Amino acid sequence: MLVPVARKIMDNRKCFIERVFPVEGVWDVKIGDFVEPFSRLGSCVFSQNKMTLPSDFKPRDIKGTEKFFYVDTLLGNVKKEKIFAPYDGTLKKLEDKKYVYEENPRKYFLLSGVWGTVKSLYGKSSALIETQSKDISFTYSTEFHSSGELVVFPNPSDILKKSYLENFVKGIKGKIIYIGNHVGLEVVKRAYELGASAVIVGSCHTDVFNFANNNGFSFGVFSGFGNIRTPEEIYKYLSSVSYRYVFFEGAKNILRIPVREEDMKILNKKEKITDINIINPEYVKNVEPGMRVQALQRPYFGWFGVVDRVSEFSIFVKFGSDERTVEIRLPNFLIIE
Amino acid sequence: MALITAHFDVSGIDFLIKKTKKNTEFFNFPYVYTKGIFGNQCDQKQFYSNIVEKVMSDREIKNPSCDVLTCGFPDSPELNLKTKYSVKTLDLIESSEGIVPVFINNKVFLTKGMMCSYELDEDEDFLGNENDLGEFDQIANLNAYPQTTPDDLSSQVSLDSKICEKIPERFRFESGRKIVFTGGRFTQKILNPELNYILILEALRGLGVFNVYLDSSNAYSLLRTVQMYDRSLVPDIESFFDTSGFFIRTGGSCECLINNGLGDDKFIEIEDNKVFIYPFRSDTPARLSIKSRELGTIDVHTNGGSLGIVFDTRAPGDSIYDDVKLLNESVKQFENVLKDR
């Protein structure tokens with residue numbers, strides 16, 4: 001019985017990551033330089049925060065079309081609520097008579113985010129770095145690209161997720177958040193409002209995915225639709241690289257995690273993660289007893305188990321420590337390596 | 001020289017392998033490439049090339065001494081192997097001769113002059129709910145894991161009914177034709193095979209009599225591809241299909257006299273909105289005299305088939321999927337016939 005082999009985490013020994021300035025900048029590196037995640041590639045100057053004020057906002061003491069404010073000084077009022085400047089910046093009146101408050105331009109350092117070698121520099125805008133990574137596949141993802149620091153929640157309960165977003169992590173703006181085994185619409189909406197760069201999760205319902213897709217939000221699902229746990233190996237690996245700068249590549253259905261070259265070798269021995277470039281992996285194998293499989297059949301959808309025996313059109317699988325076997329029909333399972 | 005033909009569908013791949021001119025083997029690989037499962041390992045081209053090579057090596061066929069032909073819906077994918085001939089399923093169906101092919105998979109209903117496509121997640125009511133892996137999630141997972149088959153009868157019924165909803169109401173098959181039902185939907189090993197025949201009943205639009213064949217190995221597409229490449233390799237394709245039976249759609253109550261020439265004539269009277277299966281298979285054709293308000297009186301001959309003679313007295317436009325009682329009765333009947341086969 002020929003069955004495809006799914007490999008959730010793959011070593012990618014040669015890949016290219018593009019790092020881009022928000023506005024034109026100045027390079028601190030040259031082609032051929034070796035860089036590490038916190039190496040500065042270059043810098044540029046731009047306003048990094050902007051606050052659009054509501055239409056009923058009444059500014060305090062502004063005569064022209066713009067005025068400078070120091071942090072924590074009073075900008076104006078929205079009805080009876082006082083609005084204070086969150087940072088040093090300029091209040092600007094727009095043509096439609098609405099107001100925006102822009103932070104003063106500050107120096108922004110573009111960090112490498114990866115261990116690798118600068119391969120090319122494109123004008124004053126972007127750099128291409130040759131590196132190595134571990135690529136984790138999403139079963140489903142929106143086709144957007146984003147990057148940011150990875151924050152891993154410890155699979156909290158539904159009640160805690162929103163509270164984690166708002167209080168536990170200090171500022172989720174620009175971060176890629178692994179939110180748990182399952183996520184609901186309300187939590188994803190909140191993450192989007194708070195400016196998260198991406199949300200990754202074990203499973204969700206279709207309304208959550210549709211929301212992310214319609215709003216251009218990077219969103220990835222590891223297991224599928226419904227209420228399905230994240231594969232243990234993925235959760236463990238994400239936890240081990242928490243706070244690393246990672247890349248969400250939705251068009252390729254992968255989360256790309258940069259690693260040191262030497263880390264790949266060590267992990268290969270320990271975790272038996274298949275290397276995409278060293279061996280030519282078999283994409284299909286004959287299923288045999290003892291192999292690890294993922295069931296795609298209710299009520300075991302998404303579960304991992306071990307093949308006990310193989311019949312003509314089905315296999316019998318043991319899940320966890322349960323001694324009983326469950327029949328899973330072909331093609332409702334995949335071999336997992 | 002060996003010949004391997006591959007048909008790439010939306011839920012699986014079917015192969016026709018001819019090691020010699022006389023030897024023909026059909027093989028089904030019930031999986032397809034999806035970016036979500038294999039995107040971090042390989043691309044579609046590498047994956048499918050690897051599968052074809054594996055099928056060849058398992059049969060000790062060497063690549064240089066084998067002609068590779070491909071067909072597929074919506075198109076046959078690119079391979080790293082040199083292919084001699086490649087064609088779209090749509091073109092195979094449009095160029096059909098004699099027997100009428102009806103190609104159904106989880107995305108499309110396709111027959112000569114008619115194509116209705118269906119996206120699993122296009123419905124407004126396809127939003128998720130809070131149920132743990134409810135029906136909506138299950139259908140959504142079919143997009144992520146297109147090879148999977150539903151786990152219960154109601155999910156399969158729901159999926160099939162969504163495909164049939166797309167067939168235009170005015171669409172009719174011409175009475176008296178031989179019709180073969182083919183495509184990925186019939187190659188999948190579903191939990192309740194009797195639902196294949198419910199789907200056929202629902203898709204068989206128009207009143208009249210039809211010789212129905214079931215193709216459970218995508219043989220139609222594979223053999224037509226070979227025919228288009230070299231007609232001498234497959235002179236007759238009808239012999240590769242299972243003759244399911246003689247389907248009679250009357251549009252209302254009917255009477256039928258079955259004369260099998262042995263002297264034990266049978267008279268059957270069927271009220272409207274019923275499905276009735278009369279098991280019959282014989283080398284000597286039986287003569288049927290059918291009388292109904294819509295069809296008038298017609299005399300036909302049939303050899304029956306693995307199911308027999310199937311009477312359907314539903315009014316045109318009535319869906320079997322909307323009538324739970326009739327659906328359950330019909331499923332039971334098909335189940336019993338298949339058990340006795």
Residues of segment A:281-306 that turn out to be surrounded by fewer than 21 Cβ atoms within 10 Å (Cβ to Cβ), touching a Lys or Arg at 6+ places or on another chain (Cβ under 8 Å), more than 13 Å from chain B (Cβ to nearest Cβ) and part of a strand (DSSP E or B), as a count:
2
Could you identify the single residue in B:Glu269, B:Glu329, B:Glu255 that is surrounded by fewer than 18 Cβ atoms within 10 Å (Cβ to Cβ) and closer than 27 Å to B:Ile167 by Cβ?
B:Glu329
Return a yes/no flag: does segment A:198-216 have any residue that is under 18 Å from A:Tyr243 (Cβ atoms), within 14 Å of chain B (Cβ to nearest Cβ), out of contact with any Cys (no Cβ under 8 Å at 6 or more places or on another chain) and not aromatic (Phe, Trp, Tyr).
yes
Go through B:Val102, B:Val32 for me and flag whichever is assigned to a loop (DSSP other than H, G, I, E, B) and surrounded by 22 or more Cβ atoms within 10 Å (Cβ to Cβ).
B:Val32
Can you tell me which residues in segment B:137-151 are within 8 Å of chain A (Cβ to nearest Cβ) and part of a loop (DSSP other than H, G, I, E, B)?
B:Tyr145, B:Gln147, B:Thr148, B:Thr149, B:Asp151
Taking B:Asn218, is it closer than 30 Å to B:Thr83 by Cα, more than 14 Å from chain A (Cβ to nearest Cβ), crowded, with 21+ Cβ neighbours inside 10 Å and within 17 Å of the chain's Cα centre (by Cα)?
yes
Which condition from (1) among the aliphatic types (A, V, I, L, M); (2) farther than 30 Å from A:Glu337 by Cα; (3) within 14 Å of another protein chain (Cβ to nearest Cβ) is the one that B:Ile51 breaks?
(2)
Examine segment B:85-105 for a residue that is modelled with pLDDT under 90 and on the phi > 0 side of the Ramachandran plot, and state whether such a residue exists.
yes
If I ask for residues that are in a strand (DSSP E or B), away from every other protein chain (no Cβ under 14 Å) and among the small types (Gly, Ala, Ser), which ones from segment A:1-60 would you list?
A:Gly42, A:Ser43
For the structure I just gave you, tell me whether A:Lys107 is in contact with a Leu (Cβ under 8 Å, 6 or more places away or on another chain) and assigned to a strand (DSSP E or B).
no
Checking B:Val52 against (1) part of a helix (DSSP H, G or I); (2) within 26 Å of the chain's Cα centre (by Cα); (3) exposed (fewer than 15 other Cβ atoms within 10 Å of the Cβ), which single condition isn't satisfied?
(3)
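The values are calculated or read from the model by the stated rules, or taken from the named source; none is laboratory data. Being a predicted model, the structure only gives us computed values, none of them experimental. Ideal geometry is used to build each Cβ from the backbone, glycine not excepted, and the neighbour counts take in all protein chains shown.
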